[in-house]
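Input: a single structure, listed below in structure tokens.
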Amino acid sequence: MVHFIRVPVHIWHMVELQPGQRMLLALVVGFTASGNGCTMSNTALGESLGCSARTVRRWLSDLQARNLICITTQGGHRVA
């Protein structure tokens, strides 16, 4: 479980994104800063953000379509 999310100013000012999308992007960026990528499940991300796994899937797809994240697979697991 995530206890807090640090939102970089450049993400906070992305007014073209919904607030939840900004929080998700900040969460993914925070995990990828370690160089390992974000491997949390959509369900776990949803629980951290207070939304459903389906909403997380839609937001991730939108963030990928905007070229803000890259989703790949490693060992059969999705990595953002």
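Could you point to the label whose value was computed as Rg/Rh (Cα atoms, Kirkwood Rh) for the structure here, given (1) 0.97; (2) 0.92; (3) 1.09? Computed from the coordinates, Rg/Rh (Cα atoms, Kirkwood Rh) corresponds to (2). Solvent exposure of the chain amounts to 63 Å² per residue of accessible area, where only protein heavy atoms count and the probe is 1.4 Å. With loop membership from DSSP and a limit of 13 other Cβ atoms within 10 Å, the longest segment of the chain without trypsin sites (Lys or Arg not before Pro) is 7-65.
Largest to smallest in accessible area, the residues C38, C70, C51 fall in the order C70, C51, C38 (1.4 Å probe, all protein chains included).
The values are calculated or read from the model by the stated rules, or taken from the named source; none is laboratory data. The structure displayed is predicted, hence computed values, not measured ones. All Cβ positions, even for glycine, are placed from backbone atoms using ideal geometry, and neighbour counts span all protein chains on display. Remember, those area values only see protein heavy atoms, side chains included, never the ligands or the DNA or RNA. Shrake-Rupley method; radii C 1.70, N 1.55, O 1.52, S 1.80 Å.
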